[in-house]
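Undergrad: Here it is, the structure in full.
A short reminder: the numbers here are calculations on the coordinates, not readings from a lab. It should be emphasised that the depicted structure is a prediction, and the values quoted were computed from it without experimental measurement. Here the Cβ is made from the backbone with ideal geometry for all residues, glycine too, and neighbour counts use every protein chain on show.
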Amino acid sequence: MKKTEHNSVGIMWENYLETIGESISNTKKEYVSWHFEITEGAANKLAKLVLEGKKKATASSLWVYEYEGELIPNEGDYSIITDWDGVAVCIIQTKRVEIIPFNLITGEHARKEGEGDLSLEYWKKVHEEFFTEECDSIDKEFTEDMPVIFEEFEVVYI
């Protein structure tokens, strides 16, 4: 069963379209809405980092996308980032997507994610924990070479 979208998401999308001279009735643009992470505290913290301009990328498990039948993000895609409760925070547009093994993530990738102390060591620690939990939920096992979707984005509307 699909979760009902918070009213603020549709309102934010309509307001964004208006700023670029479009409307719901004449746009070909589409969006998805989602929050970061799998806990309330982390979801809200990461959304705040995006608003502060510190978080400009995110990493996801390709396996989870495949398991859930979700489309892999593409350059130009729009996402409305929400807080844990589904309230719209901002709109981002995907600028670059690469699928890369976990063990080939670099310090540059980690810095773009904008989390913790921005180090690769921090990134690996928290993402291994995150991916291990996600993998467990889909009957997979975390591996150092698991495929990671690394998505760079920019905020286009607040």
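Undergrad: Taking the Cα atoms only, what angle lies between the long axis of helix 7-19 and the longest principal axis of the chain, rounded to 10 degrees?
TA: So the helix axis and the longest Cα principal axis differ by about 70 degrees.
Undergrad: With +1 on each Lys and Arg Cβ and -1 on each Asp and Glu Cβ, and nothing else charged, work out how big the dipole of the range 106-151 is about its Cα centre, in Debye to the nearest 20.
TA: On the way: 5 positive and 15 negative charges, 46 e Å.
Here the range 106-151 has a charge dipole of around 220 debye.
Undergrad: Bins of 5 Å, beginning at zero and ending with the bin holding the largest distance: percent of Cα pairs per bin for the range 95-155, please.
TA: 4, 18, 27, 26, 17, 7, 1
Undergrad: Beyond a 18 Å Cα-Cα separation, which of these cross-linked pairs lie in this structure: 55/112; 55/124; 54/112; 95/140; 54/95; 45/112?
TA: Correct reply: 95/140.
Undergrad: In addition: Run the dipole for the chain about the Cα centre, Lys and Arg Cβ at +1, Asp and Glu Cβ at -1, nothing else charged, and hand back the magnitude in debye, nearest 20.
TA: 560
Undergrad: Something else now. When the Cα centres of the range 91-157 and the range 11-59 are compared, how far apart do they sit, in Å?
TA: 18
Undergrad: Something else about it: Gain in length, residue 37 to residue 122, computed as 0.36 nm per residue apart minus the alpha-carbon separation, to one decimal in nm?
TA: Numbers: separation 85, 0.36 × 85 = 30.60 nm, distance 1.60 nm.
So the extension gain works out to 29.0 nm.
Undergrad: Continuing with the same structure: To the nearest 10 degrees, how steep is helix 40-51 against the longest Cα principal axis of the chain, on a 0 to 90 scale?
TA: Long axis of 40-51 versus the principal axis of the chain: about 60 degrees.
Undergrad: If you don't mind, there's one more thing I want to ask. Go ahead and set up a Gaussian network model of the chain, Cα springs under 10 Å, then flag whichever of 127, 109, 35 fluctuates most.
TA: Looking only at 127, 109, 35, the biggest GNM fluctuation is shown by 127.
Undergrad: Let me ask you something else. Counting DSSP beta bridges with both partners in the chain, what percentage is antiparallel, nearest 5? Before the final figure, lay out the partial values.
TA: On the way: 20 of 24 bridges.
In the chain, DSSP labels about 85 percent of beta bridges as antiparallel.
Undergrad: Something else about it: Can you give the Rg/Rh ratio of the chain, where Rg is from the C-alpha atoms and Rh is the Kirkwood radius?
TA: Details: Rg = 15.8 Å, Rh = 16.3 Å.
Using Cα coordinates only, the ratio equals 0.97.
Undergrad: On a full-extension model of 0.36 nm per residue, what is the gain between residue 84 and residue 29, subtracting their alpha-carbon distance, rounded to one decimal in nm?
TA: On the way: separation 55, 0.36 × 55 = 19.80 nm, distance 2.46 nm.
Once the chain is fully extended between residue 84 and residue 29, it gains 17.3 nm.
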